[in-house]
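Data first, discussion second: the structure below is written as structure tokens.
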Amino acid sequence: MAGKKRLAVWKFASCDGCQLSLLDCEDELLAVAEAVEIAYFPEASSRMAKGPYDLSLVEGSITTEHDALRIRKVRRQSKFLVTIGACATAGGIQSLRNFADVAEFVAAVYASPHYIKTLATSTPISDHVKVDFELRGCPINKTQLLELLSAFLAGRKPVISADSVCTECKQRGNICVMVQGIPCLGPVTHAGCGALCPACRRGCYGCFGPTENPNTAALAAEWQKLGAAPRDIRRAFRTFNAAAPAFRTESEAHGE
Amino acid sequence: MAQDGLSVGVKAVIGREEIGALIAALSARGWRVLGPRVRDGAIIYDDVAGLDDLPAGWTDTQEAGRYRIERRTDAALFGYAVGPHSWKRFLHPPVERLWQARREGDKVTIIAEKNDEKFAFLGVRACELAAIMVQDRVFMEGPYPDTAYRKRRENTFLIAVNCGEAGGTCFCVSMKTGPKAQAGFDLALTELIEGERHEFLVEVGSEAGGAVLADLPRRPAAPEDIAAAEAVTARTANAMGRTLETEGLKELLQGNPEHPRWDDVAQRCLACANCTMVCPTCFCTTIADVSALDGTAERVRKWDSCFSLDFSYIHGGSVRKETKSRYRQWMTHKLAHWIDQFGTSGCVGCGRCITWCPVGIDITEEAASIRADSGKCQEGGNGRA
Ligand code: SF4
Ligand code: SF4
Ligand code: SF4
């Protein structure tokens, strides 16, 4: 194993879907396992080697005091730290708690609420430690993950576009559903999924979070023209990337 | 010239069924025939194997940011205006691998791309022909021609269709590119429908076109047929959905870099890049070098857009950080700087950027607003965005 870069994969508040994307690499998984030493990846192996690590992939958001401390330890042991997915990058769907009273949720869900110790918010990793790169998506796209790993090993910048989903739509030859009357978040959403939903004739749900200068207000105004109610708009911006600042602000501009 | 070919300029009449024969004749000669089809509620360009694949009896309604297809009362094969796709998809593909490389030990082998497809485009509108000629200038002229584009272009057979229907966002008349195809085609069709009659006037535009037409059942065109075809395009010319005043437009845009309209459009524009991707003349690309874990690498060229932040990235950051400067760059390049650079406008008046803008921003309306109150607010400037 000497000489190989050491990889660690960490889980915080999340559903495991992004880590699964790595296991889902199937054909390429062997190549990955040959190229790096998978030192710490509890989801995949019970062998959990100690740090330091050359690259840490971090899934999940920070929702407990304990995790807020743990992410600092992860950072200290990692040369490069890359967040994977909407939870780690923007707080995830669980950041809906940021708009509500978490104590009420806990009381409604758990028989013995006093066992639960949680923060009032779900926050992205970058609110806590320095992040070297963020892979977007709910879940991440495995092609992008492989590109990230290949780039890391080659010592180059990952070729991951920050354009809108619309550019992927057009590359793919999709017919724009928005122009045909279906509200779509694609114009303000970061590319990466390959315009999956529009290819299936659905509007984009915004899984990859906001683009670099999202004009959410103009898009929301167009959604209204297409018949979307304020509540629909509020909810559309409050899904997997509800706490991403641009989406949060837009959602707050529309009532229930 | 093929011995049995018909000469350039010859006009003949063929029946509706002969469009099927034309597709078959082109396929038999080794062309991959691409033409209009209905898919996902739109008329798009894809492979066509015969008459049944064509959008018989379909038309479209288009407005800024709106597109629908509808049934016609007749069975016209080309009774629609240009749709979401353009022929650019094939001649200048959205993603194109330029080469691959493989490393074995110290040895690096370069693997070249095959590029031997022959396209026949069925149903190229006059504005689209003009757009192809604009891209020809961009890619094939100058000291560094794009060899892959040139090869594809040289192998392409173009069947124009003179428009019988103006789209709601069309303004080819303003741009002097249509609705009748003047040059650059191998064959040009005009669909003639009247009562029971459903025929096509065909005009030969090249030797290759003459050779293909020679294989089809046909009759010589009578003066009435030619007059009927002229009437079709004259009617279309009078039904343009949009107009754009081009007189002094270059100077107007270059002289108004700080016009308040740019701030206004930036409020509405999503910087989503749809307008550039659907535009048949926009040609910008980005290059990505990608290495894989297995020792292979490749260089890929992809459509890029002046609406993205990365597009203007140079050492130290991006030049066009705001949507305002990106929209201004796009529109002034298209309608003004293009003329300095290539000697023609970069806009052929196809209307796609208007229809396929998710928020319906209309280049003709933006230009008209700047014209309406230019001068009121000028502090000079050289017009460079
Ligand atoms: S379908 Fe959505 S993502 Fe695709 S081009 Fe239209 S607005 Fe953009
Ligand atoms: S700028 Fe718009 S109208 Fe002009 S050629 Fe491009 S897409 Fe067509
Ligand atoms: S003009 Fe329309 S299509 Fe073009 S970038 Fe702006 S919103 Fe997108």
Criterion first (within 7 Å of chain B (Cβ to nearest Cβ), out of contact with any Gly (no Cβ under 7 Å at 6 or more places or on another chain) and not basic (Lys, Arg)) does A:Ala154 satisfy it?
yes
Which residue is nearest to the other protein chains (Cβ to nearest Cβ), if the candidates are limited to the range A:127-150 and must be touching a Phe, Trp or Tyr at 6+ places or on another chain (Cβ under 9 Å) and surrounded by fewer than 19 Cβ atoms within 10 Å (Cβ to Cβ)?
A:Phe133
Lone unmet requirement of (1) of a type outside the set (Gly, Ala, Ser); (2) touching a residue at least 60 places away in the same chain (Cβ under 8 Å); (3) crowded, with 17+ Cβ neighbours inside 10 Å for A:Cys204
(2)
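Of all residues in the range B:227-246 being touching a strand residue (DSSP E or B) at 6+ places or on another chain (Cβ under 6 Å) and of a type in the set (A, V, I, L, M), which is nearest to B:Thr355 (Cα to Cα)? Can you show your working first?
Looking only at the range B:227-246, we keep the residues that are touching a strand residue (DSSP E or B) at 6+ places or on another chain (Cβ under 6 Å), and these are B:228-229, B:232-233.
Applying the additional criterion that residues be of a type in the set (A, V, I, L, M) yields B:228-229, B:232.
Numbers: B:Ala228: 30, B:Ala229: 28, B:Val232: 24 Å.
Restricting to residues being touching a strand residue (DSSP E or B) at 6+ places or on another chain (Cβ under 6 Å) and of a type in the set (A, V, I, L, M), the top hit is B:Val232.
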Within the range B:73-110, track down each residue that is without any contact (Cβ under 8 Å) to a residue 40 or more places away in the chain and under 23 Å from B:Ala130 (Cα atoms).
B:Pro93
Being charged (D, E, K, R) and farther than 10 Å from A:Lys142 by Cβ is the filter here, so list the residues in the range A:8-31 that pass it.
A:Lys11, A:Asp16, A:Asp27
Filter the range A:162-183 down to the residues that are more than 7 Å from chain B (Cβ to nearest Cβ) and touching a helix residue (DSSP H, G or I) at 6+ places or on another chain (Cβ under 7 Å), then identify the one that is surrounded by the fewest Cβ atoms within 10 Å (Cβ to Cβ).
A:Arg172
Kindly list the number of the only condition in (1) in contact (Cβ under 8 Å) with a residue 24 or more places away in the chain; (2) more than 14 Å from ligand 1 (Cβ to nearest atom); (3) within 23 Å of the chain's Cα centre (by Cα) that fails for A:Ala253.
(3)
What about A:Pro198, is it crowded, with 24+ Cβ neighbours inside 10 Å and assigned to a loop (DSSP other than H, G, I, E, B)?
no
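The rows are residues; the columns are (1) at pLDDT 95 or above; (2) of a type in the set (A, V, I, L, M).
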| site | (1), (2) |
| --- | --- |
| A:Ala103 | no, yes |
| A:Val131 | yes, yes |
| A:Lys170 | yes, no |
| A:Val177 | yes, yes |
| A:Gly194 | yes, no |
| A:Arg202 | yes, no |
| A:Phe208 | yes, no |
I need every pair where a residue in the range B:331-353 that is over 17 Å from B:Gly248 (Cβ atoms) and away from ligand 3 (no atom under 16 Å from the Cβ) has its Cβ under 7 Å from the Cβ of a residue that is part of a helix (DSSP H, G or I) and of a type in the set (S, T, N, Q), sequence separation at least 6 or different chains.
B:Gly349/B:Ser174
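Please go through the range A:162-205 and give me each residue that is polar (S, T, N, Q) and within 14 Å of ligand 3 (Cβ to nearest atom), ordered by number. Before the answer, list the steps.
Our first condition is that a residue be polar (S, T, N, Q); within the range A:162-205, this holds for A:164, A:167, A:171, A:174, A:180, A:189.
Correct list: A:Ser164, A:Thr167, A:Thr189.
Suppose we filter B:Thr285, B:Thr233 for residues that are away from ligand 3 (no atom under 16 Å from the Cβ) and outside the structural domain of B:Tyr327 (by TED's automatic domain parsing); which single one remains?
Numbers: B:Thr285 fails: outside the structural domain of B:Tyr327 (by TED's automatic domain parsing).
Selected residue: B:Thr233, the only one of B:Thr285, B:Thr233 that is away from ligand 3 (no atom under 16 Å from the Cβ) and outside the structural domain of B:Tyr327 (by TED's automatic domain parsing).
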Taking the range B:149-165 and keeping only residues that are at pLDDT 95 or above and either crowded, with 22+ Cβ neighbours inside 10 Å or more than 15 Å from B:Ser86 (Cβ to Cβ) (or both), one is left with B:Arg150, B:Lys151, B:Glu154, B:Asn155, B:Phe157, B:Leu158, B:Ile159, B:Ala160, B:Val161, B:Asn162, B:Cys163, B:Gly164
Over the range A:3-14, the set of residues in contact (Cβ under 8 Å) with a residue 40 or more places away in the chain and of a type outside the set (Phe, Trp, Tyr) is A:Lys5, A:Arg6, A:Leu7, A:Ala8, A:Val9, A:Lys11, A:Ala13, A:Ser14
Look through the range A:168-189, keep the residues that are among the polar types (S, T, N, Q) and in a loop (DSSP other than H, G, I, E, B), and return whichever of them is farthest from ligand 1 (Cβ to nearest atom).
A:Gln180
When A:Lys225 is evaluated against the numbered criteria (1) within 16 Å of ligand 3 (Cβ to nearest atom); (2) buried (at least 19 other Cβ atoms within 10 Å of the Cβ); (3) among the charged types (D, E, K, R), which criterion, by number, is the only one it fails?
(2)
When you go through B:Ala271, B:Ala266 one by one, which is the residue that is buried (at least 17 other Cβ atoms within 10 Å of the Cβ), farther than 30 Å from B:Glu165 by Cβ and within 16 Å of ligand 1 (Cβ to nearest atom)?
B:Ala271
Top-ranked residue in the range B:288-320 [being within 8 Å of chain A (Cβ to nearest Cβ) and among the charged types (D, E, K, R); ranked as nearest to the chain's Cα centre (by Cα)]
B:Lys302
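In the range B:259-273, which residues are among the polar types (S, T, N, Q) and either over 23 Å from A:Thr167 (Cα atoms) or near ligand 3 (Cβ under 8 Å from one of its atoms) (or both)?
Answer for the range B:259-273, where residues must be among the polar types (S, T, N, Q) and either over 23 Å from A:Thr167 (Cα atoms) or near ligand 3 (Cβ under 8 Å from one of its atoms) (or both): there is none.
Taking only the range A:24-54 into account, find how many residues are touching a residue at least 40 places away in the same chain (Cβ under 8 Å), within 14 Å of chain B (Cβ to nearest Cβ) and not acidic (Asp, Glu). Spell out the reasoning first.
Residues of the range A:24-54 that are touching a residue at least 40 places away in the same chain (Cβ under 8 Å), as a first pass: A:24-25, A:28, A:32, A:35-36, A:49, A:51-54.
If we keep only those that are within 14 Å of chain B (Cβ to nearest Cβ) as well, we get A:25, A:28, A:32, A:35-36.
Next cut, not acidic (Asp, Glu) only: A:25, A:32, A:35-36.
Here the count works out to 4.
Out of B:Gly83, B:Gly65, B:Gly30, B:Gly57, report the one residue that is within 14 Å of chain A (Cβ to nearest Cβ) and on the phi > 0 side of the Ramachandran plot. Spell out how you get there, then give the answer.
Values: B:Gly83 fails: on the phi > 0 side of the Ramachandran plot; B:Gly30 fails: within 14 Å of chain A (Cβ to nearest Cβ); B:Gly57 fails: within 14 Å of chain A (Cβ to nearest Cβ).
Exactly one residue qualifies, and that residue is B:Gly65.
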In the range B:363-373, is there at least one residue being more than 11 Å from every other protein chain (Cβ to nearest Cβ), over 30 Å from A:Leu185 (Cβ atoms) and outside any helix (DSSP H, G or I)?
yes
Looking only at residues that are surrounded by fewer than 21 Cβ atoms within 10 Å (Cβ to Cβ) and more than 10 Å from chain A (Cβ to nearest Cβ) in the range B:343-361, which one is nearest to the chain's Cα centre (by Cα)?
B:Thr344
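Look through the range B:1-19, keep the residues that are buried (at least 17 other Cβ atoms within 10 Å of the Cβ) and not in a strand (DSSP E or B), and return whichever of them is nearest to the other protein chains (Cβ to nearest Cβ).
Step one: of the range B:1-19, the residues buried (at least 17 other Cβ atoms within 10 Å of the Cβ) are B:5-6, B:10-14, B:16, B:18-19.
Remaining after also requiring not in a strand (DSSP E or B): B:5-6, B:10, B:16, B:18-19.
Details: B:Gly5: 35, B:Leu6: 35, B:Val10: 36, B:Arg16: 27, B:Glu18: 29, B:Ile19: 24 Å.
So the residue we want is B:Ile19.
The values are calculated or read from the model by the stated rules, or taken from the named source; none is laboratory data. All values reported here derive from a predicted model rather than from experimental measurement. Heads up, the Cβs are rebuilt from the backbone with ideal geometry, glycines too, and the neighbour counts pull from every protein chain shown.
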